[in-house]
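Structure, as structure tokens:
The values are calculated or read from the model by the stated rules, or taken from the named source; none is laboratory data. The model shown is predicted, which means the values in this text are computed figures rather than measured ones. We place every Cβ from the backbone using ideal geometry, glycine too, and count neighbours over all the protein chains shown. Keep in mind that these areas ignore ligands, DNA and RNA; they rest on the heavy atoms of the full protein, side chains included. Shrake-Rupley method; radii C 1.70, N 1.55, O 1.52, S 1.80 Å.
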Amino acid sequence: QGGPFADIRKMCAEELIKMDFPGYSIGGLSVGESKEEMYKVLDALKGVMPEDKPLYLMGVGTPDDIIEGVIRGIDMFDCVNPTRVARHGSAMTSNGRVVIKNKKFERDLSPLDEACDCKVCTSYTKSYIRHLFKAEEHLGPRLVSYHNLYFLKRLTKDIRQAIQEDRLQDFRDEFFAKYYK
């Protein structure tokens, strides 16, 4: 598709657009490229790709990449990231990532994310989920996977709301200030 080279990416996109597909995917940007390289390619394609057809960014799915992708015109994403990091004990929360296996959560009776209404956050405590990981119970990674997927679903809902309110850049800044503090 052109790797990090904007001219080759544009040429490839223009040729594909001539074929009038119902949507287009952009790949090869999650196999070792930096975020800056990915964003540069997406910026270069923004004026080239049709705005009336869905754009799918392959293999990308971290919260920041979803927000930055949407800003650059991307409609769909897929990625193993939310379940992969969950299997290793990392939960995506409204206040950043939580590594649930850390000792500081041993007696923490709060939910993974106070701002989340998913079944995991309304039913289980950090200490219990930490216990599941320490005991190598399969339920631990499953609960955190469920939560992470719910988190990203809620994130995309919030992004849609911010777009409707014409405040996507403000949403981005607010989200990043909390998630990456």
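Values computed for the structure shown
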item: Hey, F175 closer than 26 Å to N102 by Cα, in contact (Cβ under 8 Å) with a residue 12 or more places away in the chain, of a type in the set (F, W, Y) and touching a helix residue (DSSP H, G or I) at 6+ places or on another chain (Cβ under 9 Å) or not; result: yes
item: Entirely in the stretch 83-181, the helices (runs of 4 or more DSSP H) that have 1 or more residues that are within 16 Å of I66 (Cβ to Cβ) and at pLDDT 95 or above; result: 139-164, 168-179
item: Of the criteria (1) free of Cβ contacts under 8 Å to residues at least 24 places away in the same chain; (2) of a type in the set (D, E, K, R); (3) in contact with a strand residue (DSSP E or B) (Cβ under 9 Å, 6 or more places away or on another chain), which one K53 fails; result: (1)
item: Test result for L29, touching a Leu at 6+ places or on another chain (Cβ under 8 Å), free of Cβ contacts under 8 Å to residues at least 60 places away in the same chain and over 26 Å from Q164 (Cα atoms); result: yes
item: Exclusive hit being closer than 19 Å to P82 by Cα, touching a helix residue (DSSP H, G or I) at 6+ places or on another chain (Cβ under 6 Å) and surrounded by fewer than 16 Cβ atoms within 10 Å (Cβ to Cβ), set L132, L139, L112; result: L139
item: Test: residue in the stretch 156-167 that is β-branched (V, I, T) and surrounded by 18 or more Cβ atoms within 10 Å (Cβ to Cβ); result: yes
item: Residue in the stretch 95-103 that is within 26 Å of E136 (Cα to Cα), in contact with a helix residue (DSSP H, G or I) (Cβ under 6 Å, 6 or more places away or on another chain) and open to solvent by less than 40 Å² (accessible area, probe 1.4 Å) present; result: yes
item: F151 open to solvent by less than 30 Å² (accessible area, probe 1.4 Å), within 14 Å of G89 (Cβ to Cβ) and not polar (S, T, N, Q); result: no
item: Subset of the stretch 69-90 that is of a type in the set (D, E, K, R) and surrounded by fewer than 18 Cβ atoms within 10 Å (Cβ to Cβ) - its residue that is farthest from L152 (Cα to Cα); result: R87
item: Selection within the stretch 49-63 - closer than 20 Å to D20 by Cα and either of a type outside the set (A, V, I, L, M, F, W, C) or surrounded by fewer than 16 Cβ atoms within 10 Å (Cβ to Cβ) (or both); result: P50, E51, D52, K53, P54, Y56
item: Selection from the stretch 18-39 of residues that are more than 18 Å from M76 (Cα to Cα) and surrounded by 14 or more Cβ atoms within 10 Å (Cβ to Cβ); result: E33
